[in-house]
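Read-outs throughout are calculated quantities, based only on the coordinates presented, and are distinct from any laboratory measurement. All values derive from a computational prediction rather than experimental measurement. Please note: Cβ atoms are built from the backbone with ideal geometry, for glycine as well, and neighbour counts cover all protein chains shown.
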């Protein structure tokens, strides 16, 4: 009987407001939105962390196909060791820096390269050499199509000092000549970071 006569404790303003159906609905919107915002930040941060990890040199050479072949060749070039101490890693030459183009490159890699990793298409030195020409041509074709975009992240004809170049290089790097001939870096600089494939014939020697 005493419990029945016991006075109810006064509700706080928050409790009173939360017990109203319409109030719960409208209050749930900012709370839900805030939760989605936090989860979005966590997801985006995790996604970009993983994405950047796949651009690291350690990731690129984690498979022996790259580590035992093209990476060995890169280590012998000026792009790997030089007097200025500026090193070009795999991603510098093969992954665009702009987000949209970077994602497209990652998607192509997943579609075109992962299946061959699973199938073991180039899992031996002999298999790699057998496919080297086609692999190189694929890269050259892509670089020609994007005007050697990745090369231009570090190199610019307009920033070159002709007086410090040889006569032949000075002529070939003339902006007007390059524009007139429709050339781009990869037209002349194939094999600058990796060995040229056996059977490759330069364009200016094909008619000989």
Please give the peptides 51-60, 37-46 ranked by average Cβ packing (other Cβ atoms within 10 Å per residue), highest first, as a rough proxy for protection.
51-60, 37-46
Using the basic label-point model (7 angstrom from Cα toward the beta carbon), what is the residue 201 to residue 39 distance in nanometres?
6.1 nm
Segment 130-208 versus segment 59-115: alpha-carbon centroid distance in Å
18 Å
Treating every alpha carbon of segment 69-208 as one equal point scatterer without solvent, the Debye formula yields log10 I(q)/I(0) values at q = 0.09, 0.19 Å⁻¹ of -0.33, -1.45
